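Take a look at the structure below.
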Amino acid sequence: MNNTVIKKGVFFAILLLLWGVLLSVVIRDHSQELLARFLSVSKMPATVLRFDIELLDALPGLQRGSFYFDTGRGFNPSEVVVVPYTQIADKIAKHYSVVLPTRKKIRRLRFDPLDGKGKLILKNMTVQCYKTKEVTFSQELLNSQKNKAVASITVQGKAITISSRAGDPYLVLVNDFSPYQKK
C-alpha cells in the first residue's frame, strides 16, 4: 500500500470520528426536545371507523365508498380512505373496519357512498380513538351537508339509507369530530 491511500484512510477516519462527536453533542443538547416531539406525535392513537354497509341497489361492477377526513386543510385527496365494497348476495350487510392514516386531530368526516347511482344503508358506525364511541346521525345535519347528487337520506336509529342520483354523491357525516377524540 502506498502512503497516499493510508493518508486518505486516516483522513476519512478522523472525519467520521468528528462527525460522530458533533452528532452526539447535537443529540444530547436536543434530546429532551426530540423526545417531546416524539411523545406528542405518538400520544394520539390512530382513528378506526367500524361500520356495516348493505348495498340495496348499485350499478354492477366494482363499487366503493370513500371517507374524507379533515385535519385542518379541508376535504382533500391526500386525506381519504377508499373502501371497495364486496357484492354480497341477498343484500346482507358486510362489516368493515377502516384505519384513518393520520395521528392528527380530525375536524370533520365526509362520506362518498358510491361511484354514481345507487342506494345503500350505512349502519352501526363506531369511531375508536381512545375509546369506542357510537356515531349518532342527525337527519337535519345530514340533509344540510350533502351535495345534489344525493337524492335522499333517511335516518332510522343507528342506520342511514342513502340514495344517489348519479355523479359523485357525498355527505358530511360528522361536522364536529372532537367528541370522538376526547379521552
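Points worth noting:
- Peptides 7-18, 161-172, 131-142, 63-74 ordered by packing proxy, namely the average of other Cβ atoms within 10 Å per residue, highest first: 161-172, 63-74, 131-142, 7-18.
- Gain upon complete extension [Met44, Val81; 0.36 nm per residue less C-alpha separation]: 11.4 nm
- Placing R0 at 45 angstrom, the Cβ-Cβ distance between Arg103 and Leu17 gives a FRET efficiency of 0.75 after rounding to 0.05.
- Extending 7 Å from the Cα toward the beta-carbon at both Lys148 and His95 defines two label points whose distance is 4.1 nm.
- Links that overshoot a 28 Å alpha carbon limit, given the list Lys148/Lys182; Lys148/Lys183; Lys94/Lys131; Lys94/Lys133: Lys148/Lys182; Lys148/Lys183
- Those lysines that a straight Cα-Cα span of less than 17 Å connects to Lys146, excepting residues fewer than 8 apart in one chain: Lys117, Lys119
Each value in this text was obtained by applying a stated rule to the coordinates, not by laboratory testing. Small disclaimer: the values here were computed from a predicted structure and weren't measured. Cβ atoms come from the backbone with ideal geometry, glycine included; neighbour counts cover every protein chain shown.
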